[in-house]
Amino acid sequence: HLFQQYIKGFTYYKLTNLDNRVANADQLLTQDVEKFTRSVADLYSNITKPIGDIAFYSTKLSGTVGAFAPAAMLGYLVGSGFLLTWLRRPTGRFTVSE
């Protein structure tokens, strides 16, 4: 789609011959598409896949052991997060005072 828009209406000719502000427009377009697709792939692998893994694991675990096990693991995770945040606060105050 982007390539069709780039070719349509002599855009390529206008960019390469009439406008000197953009050098190697076709290469820049290719690099931008590559960066975008990498960002989307990273977004999938860093956000969507772990959430799906957690949902799948919790479903299988609750089917095997019961609903108490995933709830207990979630409670442990939340509780330890609050505890670590509470323990870290004095360290943060020392860092700010220095």
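The values are calculated or read from the model by the stated rules, or taken from the named source; none is laboratory data. Small disclaimer: the values here were computed from a predicted structure and weren't measured. A quick note on method: Cβ atoms are made from the backbone with ideal geometry, for glycine too, and the neighbour counts reach across all protein chains shown. Ligands, DNA and RNA are stripped out before the accessible areas are found, and what is left, the full protein with its side chains, is counted by its heavy atoms. Shrake-Rupley method; radii C 1.70, N 1.55, O 1.52, S 1.80 Å.
Of all the residues that make up segment 22-71, how many are in a helix (DSSP H, G or I), more than 30 Å from Q4 (Cβ to Cβ) and either small (G, A, S) or open to solvent by less than 90 Å² (accessible area, probe 1.4 Å) (or both)?
Restricting attention to segment 22-71, the residues satisfying the condition of being in a helix (DSSP H, G or I) are 25-64, 68-71.
Restricting the remaining residues to those that are more than 30 Å from Q4 (Cβ to Cβ) gives 46-47, 49-64, 68-71.
So of that shortlist, the ones also either small (G, A, S) or open to solvent by less than 90 Å² (accessible area, probe 1.4 Å) (or both) come out as 47, 50, 52-53, 55, 58, 61-63, 69-71.
Within segment 22-71, residues that are in a helix (DSSP H, G or I), more than 30 Å from Q4 (Cβ to Cβ) and either small (G, A, S) or open to solvent by less than 90 Å² (accessible area, probe 1.4 Å) (or both) number 12.
Can you go through G9, G92, G66 and tell me which one is at pLDDT below 85 and at positive phi? If you could, list the steps in order and put the result at the bottom.
Values: G92 fails: at positive phi; G66 fails: at pLDDT below 85.
So the residue among G9, G92, G66 that is at pLDDT below 85 and at positive phi is G9.
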